[in-house]
Amino acid sequence: MKSFLDSIDVSTRGKRRKAMLLVIELLEKIRHAEERYMQRIPLNLRSGDAYFSADYSVDALLDAINSLFDAY
């Protein structure tokens, strides 16, 4: 069975750029969800591991997004 990723045509530079933009859009969606999660953490727990882990994830996602934009 062919997976969704296998069905994406990246045979040309333009198609790869479009595929990359799809990846960036998905990473942005994940980043926004992580930021919403951080906002739901109570103030008294924002010095804990869960908050710092989410904050690190947001930073890593932003770095990945910026790197992908730089690729093309």
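Throughout, read-outs are computed from the coordinates displayed, never taken from laboratory work. Because the structure is a prediction, the values reported are computed rather than measured. Backbone-built Cβ (ideal geometry, glycine too); neighbour counts: all protein chains shown.
Of note:
- Charge sum, other residues only, whose C-beta stays under 13 Å from residue 19's C-beta, Lys/Arg counted +1 and Asp/Glu -1: +2
- Other residues lying with their Cβ under 15 Å from the Cβ of residue 46 contribute a combined charge of -2, Lys and Arg counting +1, Asp and Glu -1.
- Three-way shape call for the chain based on the alpha-carbon gyration tensor, with the a/c threshold at 1.5: prolate
- Size of electric dipole in the chain: Cβ of Lys, Arg +1 and of Asp, Glu -1, about Cα centre, debye, nearest 20: 380 debye
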